[in-house]
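Peer 1: Provided herewith is a single structure, encoded as structure tokens, for subsequent inquiry.
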Amino acid sequence: MTLAIVVAAITGASMPLNAAVAAPAAPSTVEVVRTSLTATRIDQAIANQHGYKVIVRNGGLDSVKVADHPITQDPVVTPLDAPVVYGNCGVSFLYYARSAPRKAIVHTGFDLNTIPPSVLGSWTVAVTDNAGVGSRTWTPSLGWSWDTTWDTTHSVGGYSVAQVTNGYVVLADGRVCVSGNPWQHTYL
């Protein structure tokens, strides 16, 4: 099989996992789908715990390293719609392909393009077929990249979809980076 790497900026466009699964034409390639990993807010408690001070810069939130130990800082008050400065954290990805009759493999994770590493997070993938939805949640390891593999077994054959439904990591500077929810389909 040909492996095509598809870079997609899926922003809000995700396939509903609880909808009836239709069967489109069989794909001719297997894809690794990549979406953005975007900072949506700053967790001040995490930032302060790792020696970062949360500041307002150019009307948005940012954090700067001020110590090699935890610091104490009064809460930073900003408008609710204040943007997070430096919102691009990297990419999230998902690969989903048939491995045997009624079996498939999910490979998912993230790659950061940031200086501070991740210090905590959660990653959930849901797999939908004509029999229903199953999901699995992981706690990513700390660092700049993480990936995992899940071998799925299905009670039915046919069209199936896998999607990152809740993926996020919190960086040492407090930025909460959220997956763009990549999804992929295969035939079981």
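Peer 1: Would you mind checking which residues have amide H under 5 Å from G121's amide H? H placed 1.01 Å from N; only 5 or more apart, or other chain.
Peer 2: Residues meeting the amide H criterion: V170.
Peer 1: Near the amide H of A97, under 5 Å away, which other amide H atoms are found, from residues 5 or more places off or on another chain, if H is placed in the peptide plane?
Peer 2: So A97 has HN proximity to I105.
Peer 1: Let me ask something else. Need the full-extension length gain, T149 to T40, defined as separation in residues times 0.36 nm minus the C-alpha distance. One decimal, nm.
Peer 2: Between T149 and T40, full extension yields an extra 36.6 nm.
Peer 1: Measuring with a 1.4 Å probe in the full set of protein chains, what accessible area per residue, in whole Å², belongs to the stretch 85-188? Show your work: numbers first, answer last.
Peer 2: Values: 4090 Å² over 104 residues.
Counting only protein heavy atoms, the per-residue value for the stretch 85-188 is 39 Å².
Peer 1: Moving to a separate point now. How large is the accessible surface of R102 in square angstrom, using a 1.4 angstrom probe and rounding to the nearest 10?
Peer 2: Answer for R102: close to 120 Å² accessible.
The values are calculated or read from the model by the stated rules, or taken from the named source; none is laboratory data. This structure is a prediction, so every number in the text was calculated from the model and none was measured. Surface areas here come from the heavy atoms of the whole protein model, side chains and all, with no ligands, DNA or RNA. Shrake-Rupley method; radii C 1.70, N 1.55, O 1.52, S 1.80 Å.
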